[in-house]
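Scroll down for the structure; my scribbles are underneath it.
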Amino acid sequence: MAKKKKVKQGSSRSLDKIIQIIPGYDPVATVEDCHFDYGTAQYAIDFFTECIKHVKGAMAGKPFELEPWQQAIIANIFGWKRPDGTRRYREAFVFVPRKNGKTTMVAGIVLLVMFTDHEPGAEIYSAAADREQATLVYDQAKGMVFQEPEFNNRVRVYATGKSIVYEEEGISYKAISAEANTKHGYNTHLAIID
């Protein structure tokens, strides 16, 4: 898995630029008492390149090199912290045109949270209007797990329940749809809604 690195001055300057590239969004204007943790942001970006490989298409099997707009999303979500050390952002609305790798990116976020948050008993969900759509993120995450021995050795993948379970930490990820008629009682740590 990605190792926590000390962020060099040059990379902190590049992160300062990256977090500003999302159109219509200025994270510094509303910073209040929050701060940007360069090391955590860089770690999250590096996790994709070092631990995740593409599952489908011409890029299958190759490391997931985040595009600048993807780096901006990841750095802003994971790098900004409240005074108590928790994440500044509890919700993120990401609008991306079709066929730009949104599903692949959110599957990577699922695994980033699963393997690096160290939240005992965390419940992670990807949800969509129907079963087929809900399965897309799961299929990507499952393929990423199978390509990375560090992941594959730590989790169990259940095809019938569309879930991945990290038993050692009590963490579970499951794809769910609006078609299910029992959708209450969740104790959600991360939800991806498509």
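Brief remarks follow.
- Cα point-scatterer Debye curve for the stretch 116-194, base-10 log of I(q)/I(0) at q = 0.12, 0.13 Å⁻¹: -0.32, -0.38
- What you get for the chain, charging only the Cβ of Lys and Arg (+1) and of Asp and Glu (-1), is a dipole of about 440 debye around the Cα centre.
- Gyration tensor over alpha-carbon atoms, the stretch 4-106, equivalent ellipsoid semi-axes in Å: 24, 16, 12
- Peptides 128-138, 149-159, 93-103, 73-83 ordered by average Cβ neighbours within 10 Å, highest first: 73-83, 128-138, 149-159, 93-103
- Legend: calculated FRET efficiency, F93 to A178, from the Cβ-Cβ distance at R0 = 25 Å, rounded to 0.05, equals 0.85.
- The 3J(HN,Hα) values that the Karplus relation (6.51, -1.76, 1.60; θ = phi - 60°) gives for the stretch 62-74 are, in residue order, 9, x, 7, 8, 5, 5, x, 5, 6, 4, 4, 5, 5 Hz. Gly and Pro appear as x.
- Rg and Dmax over the alpha-carbon atoms of the chain stand at 16.5, 52 Å.
- Sequence-distant aspartates and glutamates (8 or more away, or on other chains) whose Cα lies within less than 13 Å of K99: none
- Listed residue (A75, G57, V155) projecting farthest to the positive dipole end of the chain, Cβ model: G57
- Peptides ranked, highest mean first, by Cβ atoms within 10 Å: ranges 15-24, 110-119: 110-119, 15-24
- Per-residue ellipticity at 222 nm computed for the chain from its helices equals -11500 deg cm²/dmol, with DSSP H segments shorter than 4 residues left out and the rest contributing -39,500 (n - 2.57).
Each value in this text was obtained by applying a stated rule to the coordinates, not by laboratory testing. None of these values were measured; they are calculated from a predicted model. Quick reminder, even Gly has a Cβ in these numbers, built from the backbone with ideal geometry, and neighbours come from all protein chains shown.
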